[in-house]
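Read the structure below first, then the notes.
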């Protein structure tokens with residue numbers, strides 16, 4: 001069955017180019033020229049991916065993505081935008097985006113990133129773990145429902161937060177580099193900076209560590225990366 005992709009782009013020539021090239025690759029597509037139409041199509045359709053411009057009339061792409069995540073939409077989102085600062089990328093990922101490609105972009109790179117997103121979905125759906133619910137201390141993460149119990153009770157996690165926790169759990173008690181996390185969770189050779197991983201770890205510590213400066217589960221290994229210790233190990237500092 002063909003994957004269905006929703007293209008959200010207000011520049012008609014770019015939208016048409018994306019549509020034609022994606023359909024040539026065997027994908028089915030639909031196009032929305034503004035944020036409100038994008039949300040309506042997403043709510044009505046059964047899409048597998050959204051290509052989402054950030055600078056849109058009406059609701060911008062970040063607001064569209066946040067609305068989808070607030071409504072518990074798990075569909076992957078690949079941002080397409082002319083905004084290329086690192087802070088913009090981080091903001092896009094924290095809003096719930098799965099990937100971020102700046103304009104002008106190379107079509108082959110876009111197709112590679114689309115393919116990488118679908119491969120990550122396959123990895124996330126299959127697991128080396130014995131269960132879909134990771135337990136550590138008084139906490140848990142449910143990889144199917146995207147729910148977790150943290151220090152303030154049950155919360156909803158983003159897909160990227162769940163993916164990072166899944167990767168760390170598959171490598172429990174091992175030191176993993178930021179590049180290893182990026183390869184697994186973003187899945188291609190041209191990925192966001194290490195700072196992106198650090199920002200997500202900071203968010204996860206706020207959820208699961210009583211004192212984020214002295215983590216028990218999510219440890220920084222200086223100069224290398226991170227280590228997840230399900231049994232809990234004191235660390236002098238983050």
> Does residue 113 qualify as being assigned to a helix (DSSP H, G or I), touching a strand residue (DSSP E or B) at 6+ places or on another chain (Cβ under 8 Å) and crowded, with 19+ Cβ neighbours inside 10 Å?
Replying inline: yes
> Quick check, is residue 121 at pLDDT below 85 and either assigned to a loop (DSSP other than H, G, I, E, B) or in contact with a helix residue (DSSP H, G or I) (Cβ under 6 Å, 6 or more places away or on another chain) (or both)?
Replying inline: no
> Taking the stretch 170-188 on its own, how many of its residues are in a loop (DSSP other than H, G, I, E, B) and crowded, with 19+ Cβ neighbours inside 10 Å?
Replying inline: 2
>> Name the residue that is surrounded by the most Cβ atoms within 10 Å (Cβ to Cβ), counting only residues in the stretch 136-153 that are in contact with a helix residue (DSSP H, G or I) (Cβ under 6 Å, 6 or more places away or on another chain) and in a loop (DSSP other than H, G, I, E, B).
In response: 143
> Hey, any hits in the stretch 154-169 for a residue that's farther than 19 Å from residue 74 by Cα and surrounded by 14 or more Cβ atoms within 10 Å (Cβ to Cβ)?
Replying inline: yes
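The values are calculated or read from the model by the stated rules, or taken from the named source; none is laboratory data. The structure presented is a predicted model; accordingly, all values stated were derived computationally and were not measured. Heads up, the Cβs are rebuilt from the backbone with ideal geometry, glycines too, and the neighbour counts pull from every protein chain shown.
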